[in-house]
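Bear in mind these aren't lab numbers, they're just calculated from the coordinates by the rules spelled out. Quantities reported herein were computed from a predicted structural model and do not represent experimental measurements. We place every Cβ from the backbone using ideal geometry, glycine too, and count neighbours over all the protein chains shown.
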Amino acid sequence: MLAIRARLQNAEKLKDFLKKRSLLDKNHTLMRRNLFIYFPIAGNASKKTLRSKDFKEKLVELGASLSKMEFEAVREKKELVIPKDGERFSKSYDILGNIAVIDATGSAARALASRIMAENKGVGTVLRKGGPISGKYRTRKHIYVMGRRNYISTYKENGSLFRFDVRKTFFSSRLAFERKRITSISKDGEKVIVMFAGVGPFAIELAKSHRSSNIIAIELNKSACGYMEENIRLNKVGNVVVECGDARKKAKKYAGFADRVIMPLPTSSMEFLNALSTVAAKVCIVHLYSFSGNEEPFKDLKEKVHAFFFSKRRSVKFIGERIARPYSAREVEVVIDFIIS
């Protein structure tokens, strides 16, 4: 992307010059950096034209002259957020209905929050991540940044409504596609167990689309169980039973019950293979989520699943695999679909 770099004292004069000759690119925002302003140039302008004697300012390639973050701000026509020394900043964020969650600190957090609220009228609160996900309930600290001081999200997904406290429960909007995918391939009348059900997104979306199915949602976190029961009422589904407790202990109650099992706990789902073996019917479809390295992300996981069920004298047929979402520079969250028989 070509641009003219002008000193601040010459900026207005140059801007008028570019406008009169239709050389200013209106699809991209201008950029101020230190004592200079960069004017993006329209794509139909040739370098020969821009190097005429009328131009005394420097012609530059923006991609080479600016940092990656600065260049993307110009290209996307968005206000630039530049963190100061010692501040944390990530341009990615999550919108959970009325709440946006960012990963930034200091002035960068306030600038990003202001931009998010301006661009998303439904967002009334911006919080920032106050630490990593941790503990047996996989929760994290959230710190207030801007808007109404509120921690209760009201979030819509795939036609369903969910309420939850972001501080006390785990919820990932980035698994929306997975919830829709599993709902679409499930059949009416199935007996389904959702382990680690959280506030109920997998169970409730499945229940709404398959009213004749019988769904057991198991969750250890009492706060999440409370919100799941509220969400069941909000979505008017009567075919979900909430079981609050450890999936390993609850499995005994539902021995041989499940035609389908969903296991969305990527940190430790492999530790619950015994519980899976207990609840699985003679033929059972399983959707198991796990974190894995970027290189050959499915191989080790599938070998472990196969070895476990071989020891139980049961066969496994793998029917699907996909990367559900990137998680870090070295890890992805994957899901494998398989049939136990």
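Details
- The overall shape of segment 191-236, judged from the alpha-carbon gyration tensor, is oblate: a/c is not under 1.5, and a/b is no greater than b/c.
- Fewest neighbouring Cβ atoms within 10 Å first, the residues TYR38, TYR137, TYR93 line up as TYR137, TYR93, TYR38.
- Options VAL242, SER212, PRO264, ranked by Cα towards positive dipole end of segment 174-340, top entry (Cβ charges): SER212
- Calculated FRET value between ARG21 and ASP94, using beta carbons and R₀ = 45 Å, to 0.05: 0.55
- Cα gyration tensor shape for segment 89-150, rounded if a/c is under 1.5, else prolate or oblate: prolate
- Sorted ascending by nearby beta carbons within 10 Å, beginning with the fewest, THR169, THR278, THR267 become THR267, THR278, THR169.
- Shape analysis of segment 153-269 places it in the rounded category; the axes a ≥ b ≥ c from the Cα gyration tensor give an a/c below 1.5.
- Of LYS191/LYS299; LYS191/LYS252; LYS191/LYS253; LYS121/LYS180; LYS180/LYS252, those spanning more than 21 Å from alpha-carbon to alpha-carbon: LYS191/LYS299; LYS121/LYS180; LYS180/LYS252
- Rounded to whole Å, sorted largest first: equivalent-ellipsoid semi-axes of segment 286-330, Cα gyration tensor: 23, 11, 8
- Exposure proxy ranking, count of Cβ atoms within 10 Å, fewest first, for ARG115, ARG233: ARG233, ARG115
- The per residue volume of the convex hull around the alpha-carbon atoms of segment 94-223 is 100 Å³.
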